[in-house]
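Remarks on the structure that follows.
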Amino acid sequence: MKRVFNFSAGPATLPLSVLEEARAELLDYQGTGRSIMEMSHRSPEYTAIDAEAKERLHSLMGLDDRFHIMFLQGGASAQFMQIPFNLLREDQAADYIDTGRWSAKAIKEAKRFGKVNVAYSSANANYDHVPTDDQLSLSENAAYVHYTSNNTVCGTQFPKEPETKGIPLVCDASSDILSRPIDVDRYGLIYAGAQKNIGPAGVTVVIIRDDLLQASKTEDVPTILRYQTHAEKIFNTPPVFAVYMVNKVLKWAQDQGGVDYFETFNRKKADLLYQIIDEDDFYQGTTQKDSRSLMNVTFRLPNEELESRFLEEAKTHDLYALKGHRSVGGIRTSIYNAMPMEGVQTLGNFMKEFRNQNG
Ligand SMILES: Cc1ncc(COP(=O)(O)O)c(C=O)c1O
């Protein structure tokens with residue numbers, strides 16, 4: 001068996017031990033003679049997995065009983081619609097911070113449901129930074145403030161939660177959930193497609209605080225799209241295999257030491273790459289330094305020909321999926337929780353060697 005270092009932005013690399021466990025259980029889950037994929041979502045086996053995954057997530061993120069966890073489908077993209085559909089009434093406004101491709105899409109969808117105030121946009125600067133608190137133009141009585149904590153495409157990340165003067169934060173945490181501790185009291189809703197930091201594609205984690213849930217709309221919202229439909233029970237068939245995998249990744253995350261561990265670990269990995277980028281002008285970081293992401297490190301080489309060669313030669317060192325997003329080009333290395341230090345060290349050594357030969 002050959003495993004490469006996979007820097008894909010998503011679906012992203014998973015912990016090897018998790019994949020091995022899943023392989024061992026694939027045909028016969030815990031002596032049942034069936035795969036977890038072949039069992040009712042009402043079976044005791046599956047409902048135990050659902051409960052355990054939610055418990056682990058509560059514990060890892062430091063969430064108290066105010067927070068409900070839902071395993072939904074439709075990707076993070078469905079939340080761009082489902083959030084305003086449930087939380088934004090026609091006579092209300094919501095504030096959105098536009099820091100990248102995904103927040104722009106969230107804004108576009110929200111506008112279908114109510115008034116949207118764009119509290120800040122870095123679009124004119126190629127999304128190369130996130131705003132500081134004093135740059136935000138928040139409205140007086142917004143229903144919520146939406147932001148994207150890590151911008152996967154351009155490689156920026158909020159260093160901490162934006163200050164919103166008591167208005168609940170709604171956060172697209174798709175690409176940095178569980179990568180560091182968060183101040184849970186600030187959040188009304190957190191959502192994340194699982195496929196970057198917590199599992200395979202197919203399930204979206206949505207965490208909602210009870211007061212927002214209770215106030216959420218039911219009238220005019222189709223049953224399947226209401227948060228109230230999903231918060232208390234498993235309403236319809238969930239993506240059982242994806243949730244099963246998420247539960248294993250969460251256990252793995254607990255065993256590693258949880259979010260405090262990952263914060264230090266992720267910073268170490270990112271620092272190693274940024275240090276090489278900053279050594280001279282061969283590699284050029286594409287984002288402002290104080291907005292740099294610890295999850296997606298983006299940079300350019302002196303020209304596109306060198307970038308193509310870099311990507312090709314990287315493969316000979318087992319370094320894969322380093323191509324930047326098609327909308328920005330260049331190189332993007334996604335180094336989520338499951339990327340081992342060894343992968344980043346191998347990449348760092350390759351970057352130095354490539355610079356020596358081509359710089
Ligand atoms: C920050 C962020 N939000 C949303 C999405 C869209 O997620 P999905 O493909 O699950 O709809 C992505 C996907 O890369 C993302 O990185």
Inset, instruction - Quick one: which residue in 183, 176 is within 12 Å of the ligand (Cβ to nearest atom), under 19 Å from residue 294 (Cα atoms) and among the acidic types (Asp, Glu)? - result: 176
Inset, instruction - Please go through segment 134-151 and pick out each residue that is more than 21 Å from residue 114 (Cα to Cα) and within 11 Å of the ligand (Cβ to nearest atom). - result: 149, 150, 151
Inset, instruction - Report yes if residue 240 is surrounded by 14 or more Cβ atoms within 10 Å (Cβ to Cβ) and either touching a strand residue (DSSP E or B) at 6+ places or on another chain (Cβ under 9 Å) or of a type in the set (D, E, K, R) (or both), otherwise no. - result: no
Inset, instruction - Those residues that are surrounded by fewer than 22 Cβ atoms within 10 Å (Cβ to Cβ), assigned to a loop (DSSP other than H, G, I, E, B) and not aromatic (Phe, Trp, Tyr), I need them from segment 273-300; list them, please. - result: 280, 281, 288
Inset, instruction - Check residue 154 against each of (1) away from the ligand (no atom under 16 Å from the Cβ); (2) under 20 Å from residue 107 (Cα atoms) and name the one condition it does not meet. - result: (1)
Inset, instruction - Spot the failing condition for residue 50; the list is (1) surrounded by 13 or more Cβ atoms within 10 Å (Cβ to Cβ); (2) part of a loop (DSSP other than H, G, I, E, B), and only one is missed. - result: (2)
Inset, instruction - Looking only at segment 72-107, count how many residues are within 13 Å of the ligand (Cβ to nearest atom) and either part of a helix (DSSP H, G or I) or in contact with an Asp or Glu (Cβ under 8 Å, 6 or more places away or on another chain) (or both). - result: 16
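Please tell me if residue 59 is under 21 Å from residue 191 (Cβ atoms) and away from the ligand (no atom under 16 Å from the Cβ).
yes
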Inset, instruction - Within segment 188-201, identify whether any single residue is in contact (Cβ under 8 Å) with a residue 40 or more places away in the chain, farther than 17 Å from residue 82 by Cα and more than 16 Å from the ligand (Cβ to nearest atom), and answer yes or no. - result: no
Legend entry - Condition broken by residue 351, with the remaining ones in (1) within 27 Å of residue 102 (Cα to Cα); (2) buried (at least 22 other Cβ atoms within 10 Å of the Cβ); (3) among the hydrophobic types (A, V, I, L, M, F, W, C) satisfied: (1)
Inset, instruction - Please enumerate the residues belonging to segment 94-108 that are crowded, with 20+ Cβ neighbours inside 10 Å, within 16 Å of the chain's Cα centre (by Cα) and touching a residue at least 60 places away in the same chain (Cβ under 8 Å). - result: 102, 103, 106
Inset, instruction - Would you be able to say whether some residue in segment 288-309 is within 22 Å of residue 2 (Cβ to Cβ) and of a type in the set (D, E, K, R)? - result: no
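No value in this document is a laboratory result; all are computed from the given coordinates. Here the structure is a predicted model, which is why all the values come from computation and not from measurement. Cβ atoms come from the backbone with ideal geometry, glycine included; neighbour counts cover every protein chain shown.
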